[in-house]
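What follows is a short report on a single structure.
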């Protein structure tokens, strides 16, 4: 039996509730207990209740749970125990061999919290000592390879696969919902996050048959939470995370996109117990750009509390600890330095008494330092209150857009505010609330007090629970105090306590309020990045227009690229002398002083010009501040722009902004607007209302270029477009994550026409600006499609055949050149690249190269074996922190490669020995970069595909130069396959000659008797018009149509006396794919025959390209046959129909009995 099982099962599969019951049924809980860890308190409580209910057991007896702050609910008869990851560490500390348990289940391992990673690492140590102990690691989305590799080297291991927001946003959303639906009694709005009480959690799962539950949740709902009746999930795609900024050496709270794994977990909340839907509030492109899974918390957070926990478990060699994924060495060093400054660890690396207290309280070490300093200064109760309020500080205030509420909100803030700043203000709020609640015990009264004071009552309740829990852990008796007792002496002591814990969060004023504060870092020797942040708008200091010289802050928020200090208070600089001496020296505390910023204002810029410079809603300000290295202030009413900068940088910043203003002014002088006069005739109006040009139908100056790379710059667009003429303006219409769209305005009509012709289909950075020349033919029968595919391939067309069925597909990768024995191994940062240098072996050499564009770093590796390819190097480095990818260099720099003519035959020769290999399904990736050829083939039998992989993958001298790589390609989703009709078989075409159209393809099929089973044929062309087109593109489409009509008239009138009547012309439509349909009307039927014989298949020029003209008579031929004749000569009738079809390319549309006229049967033959 395996000692370790890795279980990956889909969301909603019941793994969290059923696996533990299966183990009980298999007698694993007869003599010893089963323990299951969960990352969140909420999941721990709900799972314990669910399992007890399903098994018919009782909580506290057979099923127990333990979460932080509560006594364990266990008994002598306990068989199953649910605990949080953090509480499991206590179990391990009490019994390192876990001898009382038979199975340990680590659930929701995909979340990769710090405690989860520690649990996995400790289990690896424990399993070595306890051979009878079993471990099950469970997840719905985690890649199992990482876990398997971690355990498989030491234990028998098997893998089994079975087929957001934050609390503040939640409370604000609930407030807004209740206000919008104030008189609606059919619903109930509920919060769901990790700080709810047991009573509040129970309400989430309570059955409410006559109510609609609307639940606002954080990402805690991603883990093991099944709520009956959830029909719909609305998912934001965002997450708020606290992370260590390794470059700037500071902890930052960021709002960013979540991961695909998290999306899958969120989606799984709907339809767990019945059918449901999930609505994602972002595009498919945004989803595709998301990371596959979250980075482990240990990789992106400063692991200070982690180090304390490990040391408390007598694990002192942190660097050599068997992490699932090791945190960066620099992060461990930074965390250790922080603990030394906080006096949690001594110079020998051993825990101090304060350090042991920090590990026991299991909160931010800075808060613990503050609490024990308060115990020393006899103000612990107030410090506990502050610590609790800091945990909910982001959502303490209610917020609304209502104007009356804003007035009330300002008054409430003023009533609670304290001149020292936000910390004492938070204490004031709690004390007044607590004192009121003690006298007014009714919930309604307490709710009204919070509402009248614009306070979030739920946040205060969470703070109260935190205070109670930590007071109990510290053995402190809580008493009720009034805010009146908060005198100056106590406040002075509290500010000293804050300094004792948060001295590293020091910021010095830049002078005026607008440029904010410079954050003082003791890591200045390792980072040159200075961090500037502004006071957050909810701060008391902001309310009172205070700008103290020295402040300590609680959090650094990063919102839309701008840094803000949240919860800050002024301090006496002398208090810093009592903190860590080493830190004080590192920041040069004796010489700290403010460096006042100077300012310069550009006045009366003009509203229009100012908006162009700073963008709509000031969206360009962050970029402008990065360029100028200054703070930018905007006064929309006066059209002023103010620069705040250090004196040494002010002139440089002024010059940059002045140049931008002048540049935009010049653009505005060239700004033109088209004004329609009559029909499609327009006047081009310039600055001052001066008429510059008259544009007639079909003429334009502005072209739109789509499908450009997302990172393309204005300079690059200028380089592309200038060869065609003078450019007056470049406008970015759209700049998305995956592509960009720009409008380019030329000075002359002919220049714009020339650019449109020259850029159509141009390849820029691997992207085709405008796609043309593709097509497809859909068949009803498989054999006909296969025969047509072979025919067109024989005739030289580039096409591929696609099965309806989802056959096993194999990806084949090989190279046209041997490697140069050089490769770029890419990493997220220079530190990541530096950390792997120990894995370089002689005679290999390396050099670290930094990419200035994306701040990544590459390891230029030289001298490795010539037989090593990309996969060999990838497998060697892929487990390293920050690894991004590998590129082995081949050939010359910028060498262009083409696919060999024999490539297809070479592929066939490889796989011909396998009987289920589908020879007609070979397709190639058009792009050959760095000499790499990629092909795709299909098999009927999956077993043979796997056999081919086993026999040839990684082998040399099979195809190309070096090793060939084979891998099973990801199968198409079954729901996509179901959308296809069962009788559709498709031949796809690429790079068709622009002069070809579908009628040319149809003619080839008819000539080879392959047209009978055709359902549809289409040749895709450049789009001429759509709803989102700009005016210039619309004019382009209309002008092309009129140009074609003029060409038709000219051609038909070129031969005098050809027709008996004068033709009339009507353009009936032009389709989005560029096909134009026209009616040519004659008074004499003979002229119809004449025009077809003379001009059918003639070439007509449509603006840029030429196209064949197809003339079809819209005539339905009706043949009436007597029933008696039909019975007498049935075969002759069928022969006649077939003769007409083949001779005249006429297709039978309705060869059925569609009606009876006396003794006659009606057939209809319609020309194609």
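Put simply, the C-alpha atoms of segment 4-162 give a gyration tensor, and the ellipsoid matching it has half-axes of 22, 18, 15 Å, longest first. Using the average count of surrounding beta-carbon atoms within 10 Å as a protection proxy, the listed peptides 295-301, 16-22 rank, highest first, as 295-301, 16-22.
Values of log10 I(q)/I(0) for segment 1-58 across q = 0.14, 0.22 Å⁻¹ run -0.43, -1.08, by the Debye formula with one identical scatterer at each alpha carbon and no solvent.
Note that segment 340-422 carries a Kirkwood radius of 15.4 Å, evaluated over its alpha carbons pair by pair. The alpha carbons of segment 503-628 stretch over 54, 34, 25 Å along the principal axes, in descending order.
Pairs of alpha carbons in segment 809-968 separated by more than 30 Å make up 25% of all such pairs. Considering segment 356-396 at the alpha-carbon level, its Rg and Dmax are found to be 10.4, 31 Å.
Given a Förster distance of 56 Å, report the FRET efficiency between residue 236 and residue 1092 from their Cβ-Cβ distance, rounded to the nearest 0.05.
Working: r = 61 Å, r/R0 = 1.08.
E between residue 236 and residue 1092, to the nearest 0.05, is 0.40.
For the listed peptides 428-439, 125-136, a ranking on the average number of other beta carbons within 10 Å per residue, highest first, reads 428-439, 125-136.
Among 925-938, 626-639, how do they line up from the highest to the lowest mean number of other beta-carbon atoms within 10 Å? Kindly include the intermediate steps, with their values, before the conclusion.
Numbers: 925-938: 17.8, 626-639: 16.1.
Highest-to-lowest ranking by the protection proxy: 925-938, 626-639.
If R0 is taken as 51 Å, the Cβ-Cβ distance between residue 125 and residue 479 corresponds to a FRET efficiency of 0.70. Using the Cβ-Cβ distance between residue 729 and residue 1128 with R0 set to 60 Å, the FRET efficiency works out to roughly 0.15. The spread of Cα positions in segment 598-663, taken along each principal axis and listed from longest to shortest, comes to 31, 20, 20 Å.
Each value in this text was obtained by applying a stated rule to the coordinates, not by laboratory testing. Everything numeric here is computed off the predicted structure, so don't read it as measured data. Positions of Cβ are backbone-derived with ideal geometry, glycine not excepted, and every protein chain shown enters the neighbour counts.
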